[in-house]
Amino acid sequence: MNKYKCIIVEDEQPNMRLLESYVSELEQLELIGTFVSPLQLLNSDALRDAQIIFLDIQMPAMTGIEFLKSIPVDAQVIITTAYTEYALQGYELNVTDYLLKPIEFLRFVQATQKAIDQLKLLDGVEESKPEAHIMLKVDKKLMKFQLRDIVYVMSDWNYIHVFTQKGKHVVLSSMKAMERQLNGNNFCRVHQSYLVNMDYFEFIEGNQISVGGSLIQVSRRYKEQLMKFISGA
C-alpha cells in the first residue's frame, strides 16, 4: 500500500496528540514530522518531502495563513482551527480541507481521503485530471472560477474585476493576491492594474495587447516581462 508522508503543525499539545493518534489509525499515512510553529517547519527538510500538511492557524510568531502566503507549498494543506472566520482565506489559498476543532475522527478521515485523491490525480493515477480553478468571494457568495474561462483581471482599489467568457464579476481582493493564485497558470502581469490569460493573446502593438478581443494597456515596467513570456524565453 502506498503511504503518504504527512506532517503536523500545532502548538497545543492536546491537539497535537489527538492528530498523532488519528494519523496512526490510518495505514495510508506516514508521519514524518511534528512542529509547534511554521517557523520551525521552514527550517526542516520535512517541508520538502511532505505530501499532506495538517496546519493550525493561530500560532505564535507566524500564523498558518501567513505561512501559506509567504512561500509556495506543493503539499495538500488541511487547515485545523477552532475559528470559522478563516475559512474564506483558506479556500482563497486553495487549501484541501478545513477542519474545525474539536476534530472528529470521521471528518479527519474524510479530509485525508480528499487530500489523497488530489495527490493521486496529480500523480496521474486517475485517468482524468480536474480542471484548474480558484475560489473567489463575489458579493456574499464563494464562487468557483475555472482558470480557462478567465480572460483577464483588472484591479480597482480594493476590488478586482474578473472578466470571463461569460461576463464580469467584482471580487473583494487585491492584485497581489490574484497574481499569487494565478501564478504558473499562463497568466502574465502586463500593467499595475492588469493580469491577462495568455491563452487569449491575439497580438501586441505598441503599448497595447489584444486579449480575447479587448485592448489592454501595457506599462513600461512589465513590457520586458511580457515579451519574454510571448517569446518563451
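Report the charge-dipole magnitude of the chain in Debye, nearest 20, computed about the Cα centre from +1 at each Lys and Arg Cβ and -1 at each Asp and Glu Cβ. Intermediate values should be presented prior to the final figure.
Working: 24 positive and 29 negative charges, 183 e Å.
Dipole magnitude for the chain comes out near 880 debye.
What is the sum of charges around Gly33, taking Lys and Arg as +1, Asp and Glu as -1, for the other residues whose C-beta is under 10 Å from the C-beta of Gly33?
Numbers: positive: Lys5; negative: Asp45, Asp49.
Charge balance in the 10 Å sphere: -1.
For region 1-51, just say rounded, prolate or oblate: build the C-alpha gyration tensor, square-root its eigenvalues into a ≥ b ≥ c, call rounded for a/c under 1.5, and beyond that prolate if a/b exceeds b/c, oblate if not.
Working: a/c = 3.99, a/b = 1.17, b/c = 3.42.
Oblate.
Separation between the Leu122 and Leu142 pseudo-spin-labels, each 7 Å from Cα along Cα→Cβ, expressed in nm?
2.0
What is the sum of charges, Lys and Arg at +1 and Asp and Glu at -1, for the other residues whose Cβ falls under 12 Å from the Cβ of Val23?
Details: positive: Lys3, Lys5, Arg17; negative: Glu10, Glu20, Glu25, Glu27, Glu30.
With Lys, Arg at +1 and Asp, Glu at -1, the neighbours total -2.
Quick check on packing: order 28-40, 172-184 by the mean number of other C-beta atoms within 10 Å, highest mean leading. Present the calculation step by step, with values, prior to reporting the outcome.
Values: 28-40: 18.0, 172-184: 15.5.
Top of the packing list down: 28-40, 172-184.
Could you work out the mean projected area of the convex hull around the alpha carbons of the chain, in square nanometres to one decimal? Could the numbers behind the result be given before it?
Working: hull surface 59.0 nm².
Projected area, direction-averaged: 14.8 nm².
Distance check, please: which entries in Lys5/Lys166; Lys101/Lys168; Lys3/Lys101; Lys141/Lys223; Lys5/Lys140 exceed 31 angstrom between their Cα atoms?
On the way: Lys5/Lys166 41 Å; Lys101/Lys168 37 Å; Lys3/Lys101 26 Å; Lys141/Lys223 35 Å; Lys5/Lys140 37 Å.
Where the Cα-Cα span goes over 31 Å, the pairs concerned are Lys5/Lys166; Lys101/Lys168; Lys141/Lys223; Lys5/Lys140.
Residue farthest toward the positive end of the dipole of region 133-231, with Cβ of Lys/Arg at +1 and Asp/Glu at -1: which of Val190, Met178, Leu142?
Among Val190, Met178, Leu142, the one farthest towards the positive end of the dipole of region 133-231 is Leu142.
Over all alpha-carbon pairs of region 133-231, lay out the pair-distance distribution in 10 Å bins, whole %, shortest bin first.
16, 54, 27, 4, 0
Roughly how far apart, in whole Å, are the Cα centres of region 12-78 and region 171-214?
33
Laboratory data are not the source of any read-out in this text; all were calculated from the coordinates shown. All figures in this text were calculated on a predicted structure; none of them were measured in a lab. Glycine also receives a Cβ, built like all others from the backbone with ideal geometry; neighbour counts cover every protein chain displayed.
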